[in-house]
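Engineer: Below you'll find the structure I mean.
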């Protein structure tokens, strides 16, 4: 009888260890996802309201800005999947992107956008610049400069990477993106 009990106890230990291993693996995966979100979205320190402006209005602006940034991250994933397949951005078109993400409306790079669900896409061989406008009028940009992109030298960027920018006035399209103040996280307005 003790042999049976001994084999049952020994058989239970590996199951407990597997459960512990899966729990540790889950914590590591969640930690990596949080770290990736911090890198992509940057510092999300809440803005304080200017004098005379209600706090709710500032919070609403922050949510609108964040939703625009999420749209750009979704859109760049669609573009990068096409780049990976084609090994160039030159043949990536708005209709092809809409097939990947029908919740967004992609337009050519020279078309101004005035709504968060619209994304202006400007591309050349090794560069994609996308733009969308948040409800408060801020235009958000995401630039993906692959190796060999002429924008790296033109805009004095450190090298191939994804870069982020914003502007609160003017046109909002991928073709007329700013040429300075690119950062590797979303800027704070």
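The values are calculated or read from the model by the stated rules, or taken from the named source; none is laboratory data. Everything numeric in this text was worked out from a predicted model, so none of it was measured. Here the Cβ positions follow ideal geometry from the backbone for every residue, glycine too, while neighbour counts run over all protein chains shown.
Engineer: Taking the condition free of Cβ contacts under 8 Å to residues at least 60 places away in the same chain and outside any loop (DSSP other than H, G, I, E, B), does residue 77 pass?
Structural biologist: In short, yes.
Engineer: Do the conditions hold for residue 59, that is, is it in a helix (DSSP H, G or I) and at pLDDT below 60?
Structural biologist: yes
Engineer: Hey, residue 143 hits all of (1) closer than 14 Å to residue 123 by Cβ; (2) over 15 Å from the mean Cα position of the chain (by Cα) but one; which does it fall short on?
Structural biologist: With (1) closer than 14 Å to residue 123 by Cβ; (2) over 15 Å from the mean Cα position of the chain (by Cα) applied to residue 143, the lone miss is (2).
Engineer: Then there is this: Which residue out of 45, 84, 110 is more than 19 Å from residue 177 (Cα to Cα), at pLDDT 55 or above and either out of contact with any helix residue (DSSP H, G or I) (no Cβ under 9 Å at 6 or more places or on another chain) or not in a helix (DSSP H, G or I) (or both)?
Structural biologist: 84
Engineer: In region 175-187, which residues are touching a strand residue (DSSP E or B) at 6+ places or on another chain (Cβ under 9 Å) and in a loop (DSSP other than H, G, I, E, B)?
Structural biologist: 177, 178, 180, 181, 182, 184, 185, 186, 187
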